[in-house]
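All of the numbers you see were taken from the coordinates with simple rules; none came from a lab. Here the structure is a predicted model, which is why all the values come from computation and not from measurement. Every residue, glycine among them, receives a Cβ derived from its backbone with ideal geometry; neighbour counts consider all protein chains shown.
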Amino acid sequence: MKTATMMPNRKIPRYEELAEDITRMIEQATFNPGDRIPSIRSISRQMNVSITTAMEAYRLLEDRDLVEARPQSGYYVRPYYPRIAPEPNMPSPNKNPAAVSINDLVQMVYKDAQDKNLIPLGAAIPNPANLPVEKLNRILASVTRRKGVQSISYETACGFEGLRTQVARRAFHTGCRLTPKDILITSGCQEAVTLSLMAICRPGDTVAIESPTYFHHLQTLEALNLKVVEIATNLREGINLDDLESVMQKGKIRACLLITNISNPLGFLMPNEKKKALAKMIARYDVPLIEDDIWGDLSFARERPWTVKAFDKKGLVLLCSSISKTLAPGYRIGWVSAGRFQPEVERLKSIMSMATATAPQMAVAEFLANGGYDHHLRRIRRIYMRQVWWMTQTIRKFFPSGTRVSRPAGGYVLWVELPKSVDSLRLYESALKAKITIAPGPIFSVRNGYRNYIRLHAASWSDEIEKALATLGSLAENMTK
Ligand SMILES: Cc1ncc(COP(=O)(O)O)c(C=O)c1O
């Protein structure tokens, strides 16, 4: 983006000047991501320009991807990250398979994250204020009253048909054409991933994963006695396909486990072209992909992102997701569409837990059908977009120079690289003494990597959180001396 002062020899058209003024207001946080900017009519009145000039200025802002028009609603600021905040470096992981031994460290972080006396800056749990608690529970009461005995009876292993129908309908927006028969309801996304791994792998097998990746996946791989190969991952586009192909060529890989939309912790969105190429690659080598799409509904993109499953012609993708980030983590409702592995996943589900709890399935089905889920998503996406921006700004203000922050394409998780001298496990200990919890980098990889990285989350925002970030920043600063 060029500013007016950088182009002294050209007469700046009025609409460009106006676009620059608004750009500066966005850069200086007068308008934050998710905020509505003044309407064309009111800006034309305020700035004394014609409606046509104001329209041209807004079109320019749209072209620059700074604002978006929403039908019947106006213009809104899009996710925007300050140009001067650099993104983290991404080291290349070791390409050899490794056993996972992460459990004790993760359990410690989990336990601390649950302590209500500590300020949780690490655990990526949604803020209850952004969940439709009353509406959902009202629906639960009403649906169980109407369904009577059915609501307390065992469901089939596949799950409540009404919910499978809703999930299949929503899959249309992810580029998939699924029927209720293609869906199996699980106890959260975590069970969907676990059953998928169990359906494909045997102890000792190797699974390709992104690096860094969600620590609970590492724990699951450890519990199932699986090895992993960590693949280099780009902050904007996800896994490096050349590296993945080179390990596939060696025939070492039994499955891939990837978070393709809004990865946790990096926040990237894998572009469609890359998803298509990945679908072709797994087909070539006949390697199944467990695709975790739990964050997909919280993407800041204009359209709901597609999944690799949308391009899968051989039934090799096991698509896993849940409503834990958007509706109710405690209902424990997730699902898997396991392609050619569906019968085996169903068999395992009935062995493991017979079926998922019936009543929450009914309530979620009803909410997805008539509860205004899309409206709810639009609202919380705007909130998270804004909070991610505030947190980015606060980190820039209080953290040592040399700190780098990711630019998530959705959700509310931030990956932060600190100066090399800051050991995130030591920072974890000193933050704990200051009553703050964080997620230290080493829990996101198998070789104790990412020592100077942490994951933070912007699910909530308050003066207390801002203060905690300032404290964390000064603790990190002390470690640089
Ligand atoms: C990438 C990813 N997968 C799975 C889960 C767990 O999902 P659920 O609570 O639905 O089991 C999480 C939770 O943070 C997550 O970030």
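Listed values, structure above:
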{"quantity": "Cross-link pairs beyond the 20 Å C-alpha cut-off, checked among LYS252/LYS309; LYS227/LYS274; LYS111/LYS435", "calculated": "LYS252/LYS309; LYS227/LYS274"}
{"quantity": "Nearest-ten-degree value, helix 51-63 long axis tilted from longest Cα axis of the chain", "calculated": "40 degrees"}
{"quantity": "Estimated 222 nm signal from helices in the chain, with DSSP H stretches of n ≥ 4 weighted -39500 (n - 2.57), rounded to 500", "calculated": "-13000 deg cm²/dmol"}
{"quantity": "Packing-based exposure ordering (other Cβ within 10 Å, fewest first) of PHE341, PHE311, PHE172", "calculated": "PHE172, PHE311, PHE341"}
{"quantity": "20 Å Cα-Cα threshold exceeded, pairs from LYS276/LYS349; LYS275/LYS314; LYS181/LYS349", "calculated": "LYS276/LYS349"}
{"quantity": "Kirkwood hydrodynamic radius of the range 353-442, from inverse mean 1/r over distinct Cα pairs, in Å", "calculated": "16.5 Å"}
{"quantity": "Cα centroid of the range 417-481 to Cα centroid of the range 169-197, whole Å", "calculated": "35 Å"}
{"quantity": "Cα Rg, Dmax, the range 380-421, angstrom units", "calculated": "11.0, 37"}
{"quantity": "Dimensionless Rg over Rh [the range 138-204; C-alpha; Kirkwood]", "calculated": "1.06"}
{"quantity": "The range 57-207: C-alpha gyration tensor shape, a/c 1.5 cut-off, then a/b vs b/c", "calculated": "oblate"}
{"quantity": "Kirkwood Rh (inverse of mean 1/r, distinct Cα pairs), the chain, angstrom", "calculated": "23.7 Å"}
{"quantity": "Residue order, fewest to most surrounding Cβ atoms within 10 angstrom, among THR326, THR233", "calculated": "THR326, THR233"}
{"quantity": "Local electrostatic count at LEU163 - Lys and Arg +1, Asp and Glu -1, tallied over other residues with Cβ under 10 Å", "calculated": "-2"}
{"quantity": "C-alpha long axis of helix 463-479 to longest principal axis of the chain, angle in °", "calculated": "90 degrees"}
{"quantity": "Under 15 Å from the Cα of LYS116 - aspartates and glutamates, other chains or at least 8 residues apart", "calculated": "GLU464"}
{"quantity": "Between the range 216-230 and the range 306-332, the Cα center-to-center distance that results, in Å", "calculated": "20 Å"}
{"quantity": "Compactness of the range 388-481, expressed as Rg and Dmax over alpha-carbon positions, Å", "calculated": "12.2, 36"}
{"quantity": "Distant-in-sequence amide H partners of SER211 (H built 1.01 Å from N, under 5 Å)", "calculated": "ILE231, THR233"}
{"quantity": "Calculated P(r) of the range 227-365 - Cα pairs past 27 Å, %", "calculated": "24 percent"}
{"quantity": "5 angstrom amide H check on LEU414, placed H, neighbours 5+ away", "calculated": "LEU456, HIS457, ALA458"}
{"quantity": "Ranked list, fewest to most other Cβ atoms within 10 Å of each Cβ, for LYS252, LYS433", "calculated": "LYS433, LYS252"}
{"quantity": "Cα-based equivalent ellipsoid, the range 50-114: semi-axes from gyration tensor eigenvalues, Å", "calculated": "47, 18, 11"}
{"quantity": "Calculated log₁₀ intensity ratio I(q)/I(0) where the Debye formula runs over C-alpha points of the range 162-255, q = 0.24, 0.25 Å⁻¹", "calculated": "-1.14, -1.16"}
{"quantity": "Helix 161-171 axis, angle to the chain major axis (alpha carbon atoms, nearest 10°)", "calculated": "40 degrees"}
